[in-house]
Amino acid sequence: MRLNPDLLPCPECGQQTDSLKGYRLPTFLLFILVAASFKHALVVGCPTCMRKKLLKLGLINILPANILWVCLLLPWYSLAAAMSTTKGHSGAVLKALGR
Ligand SMILES: [Zn+2]
């Protein structure tokens with residue numbers, strides 16, 4: 001059995017992947033009149049799980065973020081979804097591994 005050191009298990013589905021992605025993303029954004037409240041977290045997963053999570057975060061935040069959802073979260077999440085299609089572990093994952 002050959003062990004590939006570049007494969008990492010996805011924390012979500014447990015699948016071994018050569019493209020584990022970790023992005024620091026706003027997970028909750030509440031926007032009321034002029035004040036906005038942010039919650040950030042490092043979202044980690046294989047490309048498939050990452051896009052599922054982005055979709056879920058997008059849906060959760062439509063109402064609380066309202067205007068900011070369109071001008072901030074939508075482009076942010078779209079960018080993260082686009083980056084998740086690239087091959088290889090993302091920078092945050094490599095950094096966590098100390099590489
Ligand atoms: Zn996964």
Mind listing just one residue for me: the one in the range 1-40 that is part of a strand (DSSP E or B) and charged (D, E, K, R) and, of those, surrounded by the most Cβ atoms within 10 Å (Cβ to Cβ)? K21
Which one of these does K95 not meet: (1) surrounded by 12 or more Cβ atoms within 10 Å (Cβ to Cβ); (2) modelled with pLDDT under 95? (1)
Output the residues belonging to the range 57-99 that are under 13 Å from the mean Cα position of the chain (by Cα) and of a type in the set (F, W, Y). W76, Y77
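Which of the residues belonging to the range 41-82 are within 16 Å of the ligand (Cβ to nearest atom) and loosely packed, with under 14 Cβ neighbours inside 10 Å?
Scanning the range 41-82 gives L42, L55, K56.
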For L7, work out the one condition from (1) modelled with pLDDT of 95 or more; (2) touching a Ser or Thr at 6+ places or on another chain (Cβ under 8 Å); (3) under 30 Å from R99 (Cβ atoms); (4) not acidic (D, E) it doesn't fulfil. (1)
If you check M50 against the conditions, is it in contact (Cβ under 8 Å) with a residue 60 or more places away in the chain and among the hydrophobic types (A, V, I, L, M, F, W, C)? no
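Could you please let me know if G88 is on the phi > 0 side of the Ramachandran plot and surrounded by fewer than 12 Cβ atoms within 10 Å (Cβ to Cβ)? If you could, list the steps in order and put the result at the bottom.
On the way: on the phi > 0 side of the Ramachandran plot: yes; surrounded by fewer than 12 Cβ atoms within 10 Å (Cβ to Cβ): no.
No; evaluated as a whole, the condition is false for this residue.
The values are calculated or read from the model by the stated rules, or taken from the named source; none is laboratory data. No experiment lies behind these values; they were computed from the predicted model shown. Cβ: placed from backbone, ideal geometry, glycine included. Neighbour counts: every protein chain shown.
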